[in-house]
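Down below is the structure, laid out as structure tokens.
The values are calculated or read from the model by the stated rules, or taken from the named source; none is laboratory data. As the structure is a computational prediction, the values presented were derived from the model and not from experiment. Reconstructed Cβ throughout: ideal geometry from the backbone, glycine too, with neighbour counts over all protein chains shown.
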Amino acid sequence: MELIKWTDKYSIGIKEIDNQHKGLVIIINELFTYMSEGKAREKLEIIFEHLADYTKKHFSTEELVLYKYAYPGLEKHKEEHLMFIEKLENLQSDFSHEKITVTLEVLNFLKYWLLNHILISDKHYANHIKKFHS
Ligand SMILES: [Fe+2]
Ligand SMILES: [Fe+2]
């Protein structure tokens, strides 16, 4: 099941990054499917962990690219990433300590954070990078 439907408007035009964004969408959709099917907590915990790992990997890739292209907004961008990682880790820990369940509210938070970040912040650096390739 799809909580997020990938469309071209989410593409920032950098292949490696777009593929990673698609990967994140797949994991969030997976979490949504498992939640809807009422899958066991252990199963959701594994996907949650996968989401956290993949997100960190993606952010490192992006930050390295931004560094290479001397993107002036790098520090601000890193801060946005860091805040999301903190939020994600808190959710993950609350979930594994059974303080919360994966609800639609949690999933929608992940969904809208990711899509807004792609559409605004990631597209912003993509425009900066494209200047070097035109
Ligand atoms: Fe980003
Ligand atoms: Fe990104």
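Screening the stretch 89-134 for residues that are surrounded by fewer than 15 Cβ atoms within 10 Å (Cβ to Cβ), aliphatic (A, V, I, L, M) and within 16 Å of ligand 1 (Cβ to nearest atom) and picking the one that is nearest to ALA40 (Cα to Cα) gives LEU119. May I ask you to verify whether PHE48 is at pLDDT below 95 and under 13 Å from the mean Cα position of the chain (by Cα)? Yes.
Within the stretch 51-68, the set of residues being surrounded by 14 or more Cβ atoms within 10 Å (Cβ to Cβ) and not polar (S, T, N, Q) comprises LEU51, ALA52, TYR54, LYS56, HIS58, PHE59, GLU62, GLU63, VAL65, LEU66. Scan the stretch 9-48 residue by residue and report those that are surrounded by 13 or more Cβ atoms within 10 Å (Cβ to Cβ), within 23 Å of ASP94 (Cβ to Cβ) and among the acidic types (Asp, Glu). Of everything in the stretch 9-48, those that are surrounded by 13 or more Cβ atoms within 10 Å (Cβ to Cβ), within 23 Å of ASP94 (Cβ to Cβ) and among the acidic types (Asp, Glu) turn out to be GLU30, GLU45. Applying the set (1) assigned to a helix (DSSP H, G or I); (2) aliphatic (A, V, I, L, M); (3) more than 18 Å from THR61 (Cα to Cα) to ILE118 leaves exactly one unmet item: (3).
Sort through LEU110, LEU115, LEU104 and tell me the only one that's closer than 19 Å to ASP53 by Cβ and of a type in the set (A, V, I, L, M, F, W, C).
None of the other options fit; the residue is LEU110.
Quickly run through the stretch 1-26 and pick out the residues that are more than 17 Å from SER121 (Cβ to Cβ) and more than 16 Å from ligand 1 (Cβ to nearest atom). Matches in the stretch 1-26: MET1, GLU2, LEU3, ILE4, LYS5, TRP6, THR7, ASP8, ILE26.
Of all residues in the stretch 32-73, those satisfying the criterion of being of a type outside the set (Asp, Glu), without any contact (Cβ under 8 Å) to a residue 24 or more places away in the chain and within 14 Å of ligand 2 (Cβ to nearest atom) are SER60, LEU64. Do we find a residue being more than 12 Å from ligand 1 (Cβ to nearest atom), among the aromatic types (Phe, Trp, Tyr), surrounded by 15 or more Cβ atoms within 10 Å (Cβ to Cβ) and touching a residue at least 24 places away in the same chain (Cβ under 8 Å) anywhere in the stretch 77-88? Looking through the stretch 77-88, none of the residues is more than 12 Å from ligand 1 (Cβ to nearest atom), among the aromatic types (Phe, Trp, Tyr), surrounded by 15 or more Cβ atoms within 10 Å (Cβ to Cβ) and touching a residue at least 24 places away in the same chain (Cβ under 8 Å).
Applying a threshold of 8 Å to beta carbon distances and a minimum spacing of six or more residues, or different chains, the list of pairs starting in the stretch 1-22 at a residue that is modelled with pLDDT under 95 and ending at one that is surrounded by fewer than 18 Cβ atoms within 10 Å (Cβ to Cβ) reads MET1/THR33; MET1/SER36.
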